[in-house]
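Take a look at the structure set out below.
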Amino acid sequence: MTGPFGAAPAGSDSPRPRHRFRRLRRSASLRALVRETRLSVDDLIWPVFVKDGDGADEPIASMPGVARRSIGSVVAAAEEAQSLGIPAICLFPYIEPHLKTEDCADVWSDDNLVNRTIRAVKAAAPDVSVMTDIALDPYNINGHDGYVVDGEILNDETVAALVRMALAQARAGADILGPSDMMDGRIGAIRQALEAVGHQGVTILSYAAKYASAFYGPFRDAVGASGALKGDKKTYQMDPGNSDEALRLVARDLDEGADMVMVKPGMPYLDICRRVKEEFGVPTFAYQVSGEYAMLAGAAQNGWLDHDKVMLESLLAFKRAGCDGVLTYFAPQAARLLG
Ligand code: PBG
């Protein structure tokens, strides 16, 4: 061999490589031809934060580029989702502190913030599916997903409230209900109640494997639950050390009537996504949660990471792990790049 690297010493001729994987990486067209996994706009669910009143969007400091929006601004977001081809948006309410109560009565009101938003979005952007969150935390004076008595999170009493919440959302026109509370028995209770009143077409995407994670911090700022929350959620959300338990939870929720299941958070739990998809073969979603978004968007804001590249790479990883789609705050930005 000649050139800047010099000749191989005499007698050291190494055999030619039998496999040259680099052949198929030589050009963009060859790489495209053999790519195993693709990300498309069809894979995205866009979580949005809604607040009451007609005020301007309020940026969330710990989630650069994300804001709490008025109903009118959420409608504009839904219209944007529709024109970008994003299949679904997911609504999370910011409830004013003075409206938080111990019984969380606002959750089953037909005229609460979320239900008014569902109706407005369905009227303006009928092609976009509307997903909701079913859990008490934004409405709860304790910041917990369930009722709290003497420091205990009550399971069955909470499930009864969640059923009323689910029915109100179904009446408002929600397409996908997302129970995120991790109480036992809520999927079966909600499914039976929906059937009983003629909402058999409403879909349930269960937050089946939801871990007690520190990556939800920025979300709790966004929905105004950080200040209220006393203690942690470890008695109802999963232990981050567990994996077999995730499979048992998914089996249970499917058996109770879930149509789709979710793993949450996302990127630190891709092993769980893979196991769930392989074991059950059902529509499986991951939630790239607020803390994951904050890490990537914050680093990009500082110039430490390339925003668009890490965004698309992180989203593609969910597909490669077996997910059918991903809830991500990057949805509109990713959709614009994916065309
Ligand atoms: C509440 C809920 C949470 C998230 C979605 N639904 C927070 C929590 O469980 O404390 C987190 C989403 C995110 O961090 O982006 N039931």
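The values are calculated or read from the model by the stated rules, or taken from the named source; none is laboratory data. Note that this is a predicted model, so its numbers are computed, not measured. We place every Cβ from the backbone using ideal geometry, glycine too, and count neighbours over all the protein chains shown. Areas reflect the complete protein model, heavy atoms only, side chains present, ligands, DNA and RNA absent. Shrake-Rupley method; radii C 1.70, N 1.55, O 1.52, S 1.80 Å.
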Exercise. So in the range 37-338, what percent of DSSP beta bridges are antiparallel if you round to the nearest 5?
Worked result: 15 percent
Problem set entry | Residue among Gly72, Gly143, Gly266 with the largest mean-square fluctuation in a Gaussian network model of the chain, springs linking Cα atoms under 10 Å | Gly72
Problem set entry | All-pairs alpha carbon distance profile, the range 46-112, 10 Å steps from 0, percent | 18, 46, 30, 6, 0
For this session: Would you mind checking the tilt of helix 290-301 against the longest principal axis of the Cα atoms of the chain, expressed as 0 to 90 degrees and rounded to 10?
Result: 50 degrees
Problem set entry | Cleavage-rule hits, trypsin sites (Lys or Arg not before Pro), the range 219-253, DSSP coil, Cβ neighbours within 10 Å at most 12 | Lys230, Lys234
Exercise. For the chain, what size does the Cα cloud have along each of its three principal axes, sorted from largest down, in whole Å?
Worked result: 84, 43, 38
Seminar exercise, completed: Computed ³J(HN,Hα) along the range 220-228: with the Karplus parameters 6.51/-1.76/1.60, θ = phi - 60°, integer Hz and x for glycine or proline, the list is 5, 5, 4, 9, x, 9, 5, x, 6
Seminar exercise, completed: To the nearest 0.05, the calculated FRET efficiency linking His98 and Ala67 through their beta-carbon distance, R0 being 30 Å, is 0.85
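Using DSSP to define loop residues, name the chymotrypsin sites (Phe, Trp or Tyr not before Pro) in the range 4-57 whose beta-carbon has at most 12 other beta-carbon atoms within 10 Å.
For chymotrypsin sites (Phe, Trp or Tyr not before Pro) across the range 4-57 that sit outside H, G, I, E and B with at most 12 neighbouring Cβ atoms in 10 Å, the list reads Phe5.
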Seminar exercise, completed: To the nearest Å², the heavy-atom accessible area per residue of the chain with 1.4 Å probe amounts to 46 Å²
For this session: Give the carbon-plus-sulfur fraction of the accessible surface of the chain in %, rounded to a whole number; probe 1.4 Å, heavy atoms of protein chains only.
Result: 52 percent
Exercise. What whole number of Å gives the distance from the Cα centroid of the range 190-266 to the Cα centroid of the range 87-103?
Worked result: 16 Å
Problem set entry | More than 17 Å apart - percent of Cα-Cα pairs taken over the range 172-219 | 42 percent
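Ignoring ligands, DNA and RNA, how do His19, His144, His307 rank by accessible area with a 1.4 Å probe, largest first?
So, going from the largest accessible area down, we get His19, His307, His144.
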Exercise. What does the range 110-239 give for Rg and for Dmax, in Å, if only its C-alpha atoms count?
Worked result: 14.7, 45
Seminar exercise, completed: So the angle from the long Cα axis of helix 155-172 to the longest Cα principal axis of the chain, reported in degrees to the nearest 10, equals 90 degrees
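Of all chymotrypsin sites (Phe, Trp or Tyr not before Pro) in the range 232-292, which ones are in loop regions per DSSP and have a Cβ with at most 16 other Cβ atoms within 10 Å? Before the final figure, lay out each step's value.
Numbers: sites: Tyr236, Tyr269, Phe280, Phe285, Tyr287; in loops: Tyr236.
Within the range 232-292, no chymotrypsin sites (Phe, Trp or Tyr not before Pro) qualify (loop, at most 16 other Cβ atoms within 10 Å).
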For this session: Just give me a number: lysine pairs in the chain, eight or more positions apart or cross-chain, with C-alpha atoms less than 16 Å apart.
Result: 12
Exercise. For helix 113-124, what angle does its Cα long axis make with the longest principal axis of the chain, in degrees from 0 to 90 and rounded to 10?
Worked result: 60 degrees
Exercise. Using θ = phi - 60° and the Karplus curve 6.51 cos²θ - 1.76 cosθ + 1.60, what whole-Hz ³J(HN,Hα) does each residue of the range 260-274 get, with Gly and Pro shown as x?
Worked result: 9, 10, 10, 10, 8, x, x, 4, x, 10, 5, 5, 5, 4, 4
Problem set entry | Spin-label model distance (nm) - Asn242 vs Ala124, 7 Å beyond Cα toward Cβ | 4.1 nm
For this session: First obtain the Kirkwood hydrodynamic radius of the range 174-296 from its Cα pairs, then insert it into the Stokes-Einstein equation at 37 °C and 0.692 mPa s, and state the resulting D in µm² per second as a whole number.
Result: 218 µm²/s
Exercise. Along the Cα-to-Cβ line of Glu279, 7 Å from the Cα, sits a label point; which residues in the range 211-239 have backbone N less than 18 Å from it?
Worked result: 211-212, 237-239
Exercise. Taking Rh as the Kirkwood radius, which is the inverse of the mean 1/r over Cα pairs, what is the Rg/Rh value for the range 241-339?
Worked result: 1.02
Problem set entry | Sequence of Glu292, Glu278 from largest to smallest accessible area, 1.4 Å probe | Glu278, Glu292
Problem set entry | Cα-Cα P(r), the range 1-102, percent of pairs per 5 Å interval | 2, 9, 12, 11, 10, 7, 6, 6, 6, 5, 5, 6, 5, 4, 2, 1, 0
